[in-house]
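**Q** I'd like to ask some things about the structure below.
The values are calculated or read from the model by the stated rules, or taken from the named source; none is laboratory data. None of the values given here were measured: they were computed from a predicted structure. Ideal geometry is used to build each Cβ from the backbone, glycine not excepted, and the neighbour counts take in all protein chains shown. The accessibility values were calculated without ligands, DNA or RNA, using every heavy atom of the protein model including side chains. Shrake-Rupley method; radii C 1.70, N 1.55, O 1.52, S 1.80 Å.
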Amino acid sequence: MELTLGIPALLFPAISLTMLAYNARYLAIAALIRNLHSQYEESASEKVRLQVQKLRKRLTIIKNMQAVAILSFLLAVITMFLLYIEHALWAQIVFGISLLALMVSLILSLIEVQLSTKALGIQLQNIENKK
């Protein structure tokens with residue numbers, strides 16, 4: 001397969017949209033942590049402390065998702081530069097690494113979604129048990 005400038009450029013909108021989604025997740029969790037922090041200040045509840053611990057894990061995953069997505073974006077740009085200076089073999093190698101980084105980012109996103117869904121399930125179960 002011949003790698004042209006257009007192929008790595010196709011990753012730009014995908015990675016940009018992915019970064020927007022990751023940033024929205026980060027902001028939502030940050031707001032939740034601030035809310036839980038104020039609740040913890042008032043009650044020092046063990047449940048709140050445990051929720052914050054789980055949110056810390058999710059924040060770490062989101063940070064890694066963002067870092068790997070940025071790496072993928074950077075490698076796509078380097079690929080385009082390598083194609084520009086006519087280093088096709090290196091461009092193919094770097095582009096392959098860029099695709100792998102994007103896959104890792106998406107896998108981390110899947111893991112974070114699973115954790116988020118599990119946490120929401122626990123919340124729903126608590127509500128249902130109080131009926």
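**Q** With MET1, MET103 as the choices, which residue is open to solvent by 70 Å² or more (accessible area, probe 1.4 Å) and either outside any helix (DSSP H, G or I) or small (Gly, Ala, Ser) (or both)? Talk me through it step by step, then tell me what you get.
**A** Numbers: MET103 fails: either outside any helix (DSSP H, G or I) or small (Gly, Ala, Ser) (or both).
None of the others qualify; the one that does is MET1.
**Q** Filter the range 44-86 down to the residues that are open to solvent by less than 70 Å² (accessible area, probe 1.4 Å), more than 30 Å from ALA9 (Cβ to Cβ) and in a helix (DSSP H, G or I), then identify the one that is modelled with the lowest pLDDT.
**A** Looking at residues that are open to solvent by less than 70 Å² (accessible area, probe 1.4 Å), more than 30 Å from ALA9 (Cβ to Cβ) and in a helix (DSSP H, G or I), I get VAL48.
**Q** Looking only at the range 87-98, which residues are part of a helix (DSSP H, G or I), open to solvent by 50 Å² or more (accessible area, probe 1.4 Å) and free of Cβ contacts under 8 Å to residues at least 40 places away in the same chain?
**A** Within the range 87-98, the subset part of a helix (DSSP H, G or I) is 88-98.
Okay, now just the ones that are also open to solvent by 50 Å² or more (accessible area, probe 1.4 Å), so 88-90, 92-93, 97.
Within the range 87-98, LEU89, TRP90, ILE93, ILE97 qualify.
**Q** Please verify whether the range 106-121 includes one or more residues that are over 21 Å from ARG56 (Cα atoms) and in contact (Cβ under 8 Å) with a residue 24 or more places away in the chain. Even if it seems obvious, please write down each step before you answer.
**A** Just the residues of the range 106-121 that are over 21 Å from ARG56 (Cα atoms), to begin with: none.
No, because not a single residue in the range 106-121 is over 21 Å from ARG56 (Cα atoms) and in contact (Cβ under 8 Å) with a residue 24 or more places away in the chain.
**Q** Applying the selection to the range 30-43, what residues are at pLDDT 80 or above and open to solvent by 50 Å² or more (accessible area, probe 1.4 Å)?
**A** Within the range 30-43, ALA31, LEU32, ARG34, ASN35 meet the criteria.
**Q** In this structure, does LEU27 turn out to be closer than 28 Å to THR4 by Cβ, modelled with pLDDT under 95, out of contact with any Lys or Arg (no Cβ under 7 Å at 6 or more places or on another chain) and assigned to a helix (DSSP H, G or I)? Spell out the reasoning first.
**A** Working: closer than 28 Å to THR4 by Cβ: no; modelled with pLDDT under 95: yes; out of contact with any Lys or Arg (no Cβ under 7 Å at 6 or more places or on another chain): yes; assigned to a helix (DSSP H, G or I): yes.
In short, no.
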